[in-house]
Each structure stands twice: as structure tokens, then as C-alpha cells.
1. Quick one: which residue in 271, 310, 290 is open to solvent by 70 Å² or more (accessible area, probe 1.4 Å), closer than 14 Å to residue 156 by Cβ and assigned to a helix (DSSP H, G or I)?
2. Could you please let me know if residue 116 is modelled with pLDDT of 85 or more, surrounded by fewer than 20 Cβ atoms within 10 Å (Cβ to Cβ) and of a type in the set (A, V, I, L, M, F, W, C)?
3. Can you work out which of the residues in segment 141-159 that are under 14 Å from the mean Cα position of the chain (by Cα) and charged (D, E, K, R) is surrounded by the fewest Cβ atoms within 10 Å (Cβ to Cβ)?
4. If we only count helices (runs of 4 or more DSSP H) wholly inside segment 17-131, which ones have 2 or more residues that are in contact with a helix residue (DSSP H, G or I) (Cβ under 7 Å, 6 or more places away or on another chain) and within 24 Å of residue 2 (Cα to Cα)?
5. Please specify each residue of segment 103-112 satisfying the condition of being more than 17 Å from residue 84 (Cβ to Cβ), open to solvent by less than 40 Å² (accessible area, probe 1.4 Å) and touching a Lys or Arg at 6+ places or on another chain (Cβ under 8 Å).
6. Please state which of the following conditions residue 247 fails to meet, knowing it meets all the rest: (1) touching a strand residue (DSSP E or B) at 6+ places or on another chain (Cβ under 9 Å); (2) of a type outside the set (Asp, Glu); (3) under 17 Å from residue 299 (Cβ atoms).
7. Does residue 238 satisfy the criteria of being under 22 Å from the mean Cα position of the chain (by Cα), outside any strand (DSSP E or B) and of a type outside the set (D, E, K, R)?
8. Looking only at segment 85-102, how many residues end up being open to solvent by 80 Å² or more (accessible area, probe 1.4 Å) and within 25 Å of the chain's Cα centre (by Cα)?
Amino acid sequence: MGFLRIRTIVDERPGRLASLAGALAERGGNILGLSVQTDADGTVDEFVADIPADPGTVRAALEGAGGRRVHVVPATAHELTDEPTRALLLASRLRAAPWRLPELLADLLRADDGRWIYGEAVSDLPDPTQLVVPVAARRAVRLRRAGLPFTLTETARAASFVRLAQPPAEHPAAEQVIRLADGAQVHVKPLTGIYRAAVRDLHDRCSPEARRFRYFTSMPALPPRMFDRLCDRTRGHSLVAGHDGQVVAMANLMFTPDPGIAEMAFLVEDRWQGRGLGARLARMLVTEARDLGYAEVRATMLADNARMRRMLVSLGATLGYTEDPGVVEARLPVGALITT
């Protein structure tokens, strides 16, 4: 048949990729390109292969090898170009002609069609073969691609690409003031070394259970090296929430080696729990992750941390057990959260 673009969701288990590659090889396939993406249902492996078998045969072979939601569409030799180089060339063209955003965005994601939409219709569409990429409050680009749903990784790429066409945003204020439902005002700032003593005092005031939920052990004090790591902006972005001269909560967004995925964690002083502070901080972290180009934020928590589970589910996260029955993982696509 020639070139095919093949996409399948796979379980994150050792040897699964080898099984898929073997299934293609048995049908005479030669893999010419491979990428790994993140989606709401798991890891997505995408192949560009030169294979004589028809799409139906390829789909059945990959399903037999453990692939889920297998999509097979025709491809061309043009799609074998180096992806980073292609993206940089498109970015250069966009900077020179930002009004061509729909056309260039469609080219970036190999969509069949890209066009402006205006007004109330800029909200996300339920059809996975259509993608709405917000550009302004009442303006967006809608992409269509028959036969190949858009992934969360592609959504993050599209959002990053759109920002190239927008004027530079003003640098956000170093401090944000949020008002909780009970009227309390909390000042949120980036975590830096000047808060070392305040974070130490926060740990002193937190109960052993609050610390156990955050660190999986009732850590009485935050080790200096861990505090320094949380302050390192190359490893993640962390926030502290202050009230009346004290740090009452800390929220951490940590970068991971996994493409498109960041992790978040929280420590909230006991008397501030259940007042909505954790949810507000979570929204800030997810917004930060989105702006940094991440597709998904994950949180690992103890199974008996009911308050954390409820809060993340209320924000749109899905929960799943890990290999440790006492540990739960929450997965929150950045697009699932409507930031207020």
C-alpha cells in the first residue's frame, strides 16, 4: 500500500512497543518514523511506516499485539521530514505572516482544514477529530482532521504555536491576591530562598497527617536540599500562600522526564484546609503548566487522602490505582480545567 501513519494507545508496560514493532515487521512493514505523545487515555505511539499491507490488516495486527484505538491513515514521503526542523520553519513563517495562523497551524498538525471562528462558538468541541485553539476571548482557530483524533500533546503544541502570533504579554505580577469563599485574603508568590524560615515554620504548624499526605511520611522538617530543589526554576515552579505574615500553604509544580507531563503536590496548614485554598492553588499550577506547554498534570497521593481526591476530581481529574494499592494517581489534562 505504501506509506501509512499509524497511531495507537498502548499500556505503559515494558516490551509493549517491541510487540507493536514486531507486528508491523511480520506484515513487511519498515518503520521510518516514531513519536510518543500523551493523551487522556494513556500513552500514544505513532509510527510512519512503509508497509505493503492494507490499513485494515495493519489495524488488526496492532490490536492483536495489544494496541488500543488504532488509527491507520495514508501518509506521504513528505511526512518523513525532521519534525523539529519542520516546526521551526513553520514558526519562522508565522512570525513573518501572523495572519496566516489557521493555515500554518493546520500544516503543523497535518490537519485537513484550519479556519477562524468567532463569538460563542470558540468553546471546545466534543468531536475528537476537531480541535478548537483559543487565540483571544472571542476568537479561535478550528482544525479538522478526518480519521485521526487530536491528542493532548498536539493540543499543547497548538497552544504554544498560537502564542508566537500574539503580541508579548506583560510580565505577570510577582504577587497575586486571592479571596476565599469565607472572605479571607491570601497572597500568593513564587517560592524563593527568602521563604526558607517561613516554610520551616509551616512544617512545624502542620499536623503529622498533613505532612504524611504531602510526603508519604510524617516529615518533621523539609531537608535543605529538597527546599533548594523546589526553588530551582529549571526543575519546576512552586508557590507559597501567605496570610498575616505567615506562609499557610505551599504548592509545587515539578517537571518530569515524561513528554508533556508535569507533577503537582500541596502542603496546606490544617486550619486552612477545606476552605478552597488548595483548589485555587491547583488552578494556578495547571495554568502555569499550560503556559509552559505541558499537556497534562499528574498528582500522586495516598489512597486515604480523601480531601485531595475530591478536590482534584472536582477540577476534572481522573483517578487510577498504581502498582502500590495504597497510592492513587490523578491525571488532569490542562484543557479540562477552565481557569477563572
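The values are calculated or read from the model by the stated rules, or taken from the named source; none is laboratory data. Bear in mind the structure is a predicted one, so any value in this text is a computation, not a measurement. We place every Cβ from the backbone using ideal geometry, glycine too, and count neighbours over all the protein chains shown. The area values use the complete protein model at the heavy-atom level, side chains included, leaving out ligands, DNA and RNA. Shrake-Rupley method; radii C 1.70, N 1.55, O 1.52, S 1.80 Å.
1. Numbers: 271 fails: closer than 14 Å to residue 156 by Cβ; 310 fails: closer than 14 Å to residue 156 by Cβ.
Exactly one of 271, 310, 290 is open to solvent by 70 Å² or more (accessible area, probe 1.4 Å), closer than 14 Å to residue 156 by Cβ and assigned to a helix (DSSP H, G or I), namely 290.
2. For residue 116, the condition - modelled with pLDDT of 85 or more, surrounded by fewer than 20 Cβ atoms within 10 Å (Cβ to Cβ) and of a type in the set (A, V, I, L, M, F, W, C) - is met.
3. 157
4. Counting at least 2 such residues, we get 55-64, 101-108.
5. Correct list: 111 only.
6. (3)
7. no
8. Matching residues across segment 85-102 total 2.
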